[in-house]
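Scroll down for the structure; my scribbles are underneath it.
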Ligand code: XBP
Ligand code: MG
């Protein structure tokens, strides 16, 4: 029986990537004297690497930088400060329909958690700003686990904290690595796509939706228990 819903943050609860994280990375590059800037399209490709610090490190390594790990650490620290500033004072809002869905899930007695690979330094103020304090029973961030999505670690930790089996929960995600993490932890995954992930393949998703509009607790329950989609022929190993 479904008793808990675990939400991803970036791209799911809020559209943070294109106009939030991306400009924060670019400000950090500029401050460190780097000429690199991630445009909207580049950033979409870079999102296949989860975790901002790993994303920068991979980018620098591919360009032959002599100390990609060290510079990525410094850049990511600066990026996180800029992003926190945006979270506190920028025009961030939850995705349309999310607040209505959360209220309905609560009214239906479902437990709510957050599972993200982003850093707690911004996740906590973002959730506070959008949903108020203590809106979620547990919040797992990229600081809490060794391996980020698509590894199952963050979802497994959330289940452990809630004392639940995977069959009692559903993950709500926006991206292929997020869905893969949920599936690897044994959870059904309902995907709600956004500008960056519409059109991506989501093998194993219980449902793929384009928006939260009209989605309520009953609809999410139905979606979670739909048979998982088969892998697309071109996605099979
Ligand atoms: C989100 C991420 C994060 C953000 C940036 O993935 O991969 O790295 O892009 O946040 P998901 P940080 O939505 O699957 O959790 O810079 O704090 O890593
Ligand atoms: Mg996401």
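Since every read-out is calculated from the coordinates, none of them should be taken as a lab result. Model, not experiment: these values are computed from the prediction. Neighbour counts run over all protein chains shown; Cβ positions are idealised from the backbone, glycine included.
Figures for the structure shown
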item	result
Residue list for the stretch 90-134, filter: surrounded by 15 or more Cβ atoms within 10 Å (Cβ to Cβ) and part of a loop (DSSP other than H, G, I, E, B)	90, 92, 95, 97, 110, 116, 117, 118, 119
The stretch 37-75, residues that are within 16 Å of ligand 1 (Cβ to nearest atom), part of a loop (DSSP other than H, G, I, E, B) and in contact with a helix residue (DSSP H, G or I) (Cβ under 6 Å, 6 or more places away or on another chain)	38, 49, 50
Count of the stretch 3-27 residues which are touching a helix residue (DSSP H, G or I) at 6+ places or on another chain (Cβ under 7 Å) and either assigned to a strand (DSSP E or B) or more than 10 Å from ligand 1 (Cβ to nearest atom) (or both)	8
Among the candidates 171, 224, residue that is farther than 30 Å from residue 87 by Cα and in contact (Cβ under 8 Å) with a residue 60 or more places away in the chain	224
Residues of the stretch 143-183 that turn out to be more than 17 Å from residue 55 (Cβ to Cβ) and in contact with a strand residue (DSSP E or B) (Cβ under 7 Å, 6 or more places away or on another chain), as a count	16
Residue that is surrounded by the most Cβ atoms within 10 Å (Cβ to Cβ) [pool: residues in the stretch 1-47 that are more than 11 Å from ligand 2 (Cβ to nearest atom) and under 17 Å from residue 171 (Cβ atoms)]	6
Residue selected from the stretch 151-177 under the condition surrounded by 20 or more Cβ atoms within 10 Å (Cβ to Cβ) and part of a loop (DSSP other than H, G, I, E, B), by the criterion farthest from ligand 1 (Cβ to nearest atom)	152
Residue match in the stretch 206-226 (condition: crowded, with 18+ Cβ neighbours inside 10 Å and within 11 Å of ligand 1 (Cβ to nearest atom))	no
